[in-house]
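Attaching a single structure in structure tokens format; questions to follow.
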Ligand code: PAF
């Protein structure tokens, strides 16, 4: 497995592979890899001949006071995991090469970014859209695999890929969970054992939501149930939103569509956790 830091070298490697008729599978990451990322690599492997994984902690998607500096970084450990999983190349550019001093371009995806994390992390999705567009331009035509845990991110990426006619086919994969239901996240490493135990109430509440929905309970009551559970165990709630899974527009009280996205962001201490489930589509997070 190769590790490439240079943008031109990565572009050439991918172009050469395509010239030889190889299909490229691409998994963009910020490193600190866990089983959730590695399942994306497995899917890329299944669909393609050459698997590229980018590891780049992207400064433009972190706001002031967020965890950019303390975000876990472990290139050697990540490389070991990726090599064991059969990845072919890691792309690990520097921030200086990705964002030269004179770069002036921004990418903004409208409406889809208004709510959920977009409302609580101003500029976050502009940073994601910019870096992912740049990465897609470096890798070139490929199949790119993302996790559905970052549900809004996946929708935003699908949208700008279509809007900008980028030659990339996007695949979304189910959230990977620990045996007790906690959604895997690089940020779980920040939690103490006591905080981690409290965090479980999130996947439990989302699991309850499936049963309540199947029993015809009103959406507002389901939302209250989730909020009440989180209030008891988290330190603060950014949002609990019930929305259309396609447009991410919050549902009105009287609406009851067959599929409902429940997306949550909440904090334990300084750690912000997100999770989601689509009622009427996904299996419940626990026991599903
Ligand atoms: O989901 C992530 O790890 C990041 O947001 C991504 C897509 C790699 C862009 O930096």
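Provide 34, 210 in ascending order of the number of other Cβ atoms located within 10 Å of each residue's Cβ, fewest first.
Values: 34 15, 210 22.
Listing 34, 210 from fewest to most nearby Cβ atoms yields 34, 210.
Just how far, in whole angstrom, is region 236-261 from region 1-64 if you go by their alpha carbon centroids?
Region 1-64 and region 236-261 have Cα centres separated by 33 Å.
Also, I was wondering about something else. Would you mind checking the tilt of helix 75-84 against the longest principal axis of the Cα atoms of the chain, expressed as 0 to 90 degrees and rounded to 10?
Between the helix axis and the principal axis of the chain, the angle is about 90 degrees.
Something else: Work out the P(r) tail for region 104-218: percent of alpha carbon pairs separated by more than 25 Å, whole number.
The answer is 39 percent, as a whole percent.
Under 1.5 on a/c is rounded, so check that first for region 1-106, then, if it is not, pick prolate when a/b is larger than b/c and oblate when it is not; a ≥ b ≥ c are the square roots of the alpha carbon gyration tensor eigenvalues.
Numbers: a/c = 2.14, a/b = 1.29, b/c = 1.66.
Oblate.
Report the relative contact order of the chain, percent, no decimals, based on alpha-carbon pairs under 8 angstrom and at least 6 residues apart. Don't skip to the end; give the middle numbers.
Working: 487 pairs, mean separation 49.2, N = 288.
Value for the chain: 17 percent.
Applying a 10 Å radius around every beta-carbon, put 63-73, 162-172 in order of their mean neighbour count, most first. Show your work: numbers first, answer last.
Numbers: 63-73: 12.4, 162-172: 14.4.
Descending mean neighbour count gives 162-172, 63-73.
Considering every Cα-Cα pair within the chain, what fraction, in whole percent, is farther apart than 24 Å? Can you show the working numbers first?
On the way: 21485 of 41328 pairs.
For the chain, the share of Cα pairs beyond 24 Å comes to 52 percent.
So, one more: Cα centroids of region 105-125 and region 154-181: how far apart, whole angstrom?
16
Taking only Cα atoms, what is the 0 to 90° angle, nearest 10, from helix 193-214's long axis to the longest principal axis of the chain?
Computed tilt is about 70 degrees.
Using Cβ counts within 10 Å as a stand-in for footprinting exposure, how do 19, 173 rank, fewest first?
By the 10 Å Cβ count, ascending, the order reads 19, 173.
Further question: As a test of the formula, what do you get for the chain when each DSSP H run with n ≥ 4 contributes -39,500 (n - 2.57) and the sum is divided by the residue count, at 222 nm and rounded to the nearest 500 deg cm²/dmol? List each step's numbers first, then the result.
Working: 9 runs with 111 residues, N = 288.
Result for the chain, helices only: -12000 deg cm²/dmol.
What is the fewest-to-most order of 116, 13 by other Cβ atoms lying within 10 Å of their Cβ?
Details: 116 26, 13 19.
By the 10 Å Cβ count, ascending: 13, 116.
Taking the highest mean first, how do the peptides 142-150, 39-47 order by number of other beta carbon atoms within 10 angstrom per residue?
With the highest mean Cβ count within 10 Å placed first, the list reads 142-150, 39-47.
Let a ≥ b ≥ c be the square roots of the eigenvalues of the Cα gyration tensor of region 169-288; is it rounded (a/c under 1.5), or, if not, prolate (a/b larger than b/c) or oblate? Present the calculation step by step, with values, prior to reporting the outcome.
Details: a/c = 1.70, a/b = 1.39, b/c = 1.23.
Prolate.
No lab work stands behind these numbers, since they all come straight from the coordinates. All of these numbers come straight from a predicted model, not from anything done at the bench. All Cβ positions, even for glycine, are placed from backbone atoms using ideal geometry, and neighbour counts span all protein chains on display.
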